[in-house]
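Notes follow the structure.
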Amino acid sequence: MKLYNTLTRKKEEFVPLNAGKIKMYVCGPTVYDYIHIGNARPYVIFDTIRRYFEYKGYDVDYVQNFTDVDDKIIKKANSEGVESKVISERYIKEALKDAEGLNVKPATKNPKVTEEMDHIIEMIQTLIDKGHAYVSDGTVFFDTGSFPDYGKLSGKNIDELLAGARIEVDSNKKSPTDFVLWKPKKPGEPAWQSPWGEGRPGWHIECSVMAKRYLGDTIDIHAGGEDLIFPHHENEIAQSEAANGVPFAKYWLHNGFINIDNINEQIQG
């Protein structure tokens with residue numbers, strides 16, 4: 001079987017890390033509402049790939065997360081006057097129901113960000129200890145300049161990113177390309193205690209932690225929509241490889257966008 005590997009930009013013959021076994025991580029939805037057709041596409045595509053591997057006799061360990069703490073979840077919870085967990089649990093239940101309706105097999109594990117805080121804090125501390133992250137006014141940033149391979153998945157480079165008009169300016173950062181690992185608590189937000197004060201994780205760190213915990217430091221396949229190539233998957237690689245000291249994923253698979261009326265719509269998120 002050949003797979004198109006986004007990391008190498010070519011089709012490659014699939015060779016598992018361990019004979020007969022496959023460790024596969026697929027980025028799941030942020031559960032602030034019902035999943036839509038853009039979320040359903042990776043559900044179906046990567047389930048189909050998983051089923052083919054199983055048909056060929058592989059034992060597939062298939063992990064797909066739920067992002068259950070996020071600005072959109074918090075906003076909806078505040079508008080309804082309930083805790084964020086009420087919103088996230090409601091839509092996790094609906095997402096699982098929709099996946100079943102699509103005949104998608106249940107994942108081996110569906111980890112939730114809110115249940116992984118100790119491990120998230122542990123990885124962030126490892127990155128700080130190794131000189132890949134720094135604390136600035138209660139926020140922890142990943143130092144992209146400390147990771148020479150930053151950009152290898154997306155093909156972007158630091159100079160290109162620095163010159164980009166979309167780079168967010170933040171006086172607390174060493175560089176505009178650095179990204180958040182931990183953010184301080186704001187009024188009306190859920191928060192967890194950490195060595196850097198009460199707060200919650202940035203988006204990217206969660207998947208690095210959950211992939212490591214449930215599949216190991218190096219996995220066979222990491223998958224998701226093509227809109228996740230940058231910055232999400234790029235940042236996952238930087239965090240994971242900086243913290244663990246080994247390659248993160250051997251094959252990176254990405255599905256394209258839904259095509260509606262001959263127009264590619266970015267409706268993945």
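The values are calculated or read from the model by the stated rules, or taken from the named source; none is laboratory data. Since we're looking at a predicted model, the values are computed, not measured. Positions of Cβ are generated from backbone atoms using ideal geometry, with glycine treated the same way; all protein chains shown enter the neighbour counts.
Couple of notes before you dig in:
Yes/no per residue for (1) more than 26 Å from D68 (Cα to Cα); (2) modelled with pLDDT under 95; (3) of a type in the set (D, E, K, R); (4) not in a helix (DSSP H, G or I):
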| position | (1), (2), (3), (4) |
| --- | --- |
| I121 | no, no, no, no |
| I124 | no, no, no, no |
| L127 | no, no, no, no |
| F141 | no, no, no, yes |
| V169 | yes, yes, no, yes |
| N172 | yes, yes, no, yes |
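- Looking across I45, I92, I22, I37, one residue alone is buried (at least 21 other Cβ atoms within 10 Å of the Cβ), in contact with a strand residue (DSSP E or B) (Cβ under 9 Å, 6 or more places away or on another chain) and either aliphatic (A, V, I, L, M) or over 17 Å from A107 (Cβ atoms) (or both). It is I22.
- Filtered residues of region 99-109 (kept if surrounded by fewer than 17 Cβ atoms within 10 Å (Cβ to Cβ) and touching a helix residue (DSSP H, G or I) at 6+ places or on another chain (Cβ under 9 Å)): L102, N103, K105, P106, T108, K109
- Qualifying residue in region 219-238 (condition: modelled with pLDDT of 95 or more, touching an Asp or Glu at 6+ places or on another chain (Cβ under 7 Å) and polar (S, T, N, Q)): no
- Pairing residues of region 119-147 that are over 14 Å from G202 (Cβ atoms) with residues that are of a type in the set (D, E, K, R) and assigned to a helix (DSSP H, G or I), at Cβ distances under 7 Å and at least 6 apart in sequence or on separate chains, gives H119/R213.
- Pair list, Cβ < 7 Å and 6+ apart or interchain, from region 213-230 residues that are in contact (Cβ under 8 Å) with a residue 60 or more places away in the chain and more than 21 Å from D61 (Cβ to Cβ) to residues that are basic (K, R) and not in a helix (DSSP H, G or I): F230/K156
- Evaluation of Y25 against the conditions (1) under 16 Å from the mean Cα position of the chain (by Cα); (2) in a helix (DSSP H, G or I) shows that the sole unmet condition is (2).
- Any hit, region 32-53, residues being outside any helix (DSSP H, G or I) and free of Cβ contacts under 8 Å to residues at least 40 places away in the same chain: no
- Test: residue in region 76-87 that is among the acidic types (D, E) and in a strand (DSSP E or B): no
- Condition check for A191 on (1) in contact with a strand residue (DSSP E or B) (Cβ under 6 Å, 6 or more places away or on another chain); (2) buried (at least 17 other Cβ atoms within 10 Å of the Cβ); (3) small (G, A, S): one failure, at (2).
- Applying the criterion of being within 22 Å of the chain's Cα centre (by Cα) and assigned to a helix (DSSP H, G or I) to the residues of region 54-75, the residue that is farthest from K23 (Cα to Cα) is K75.
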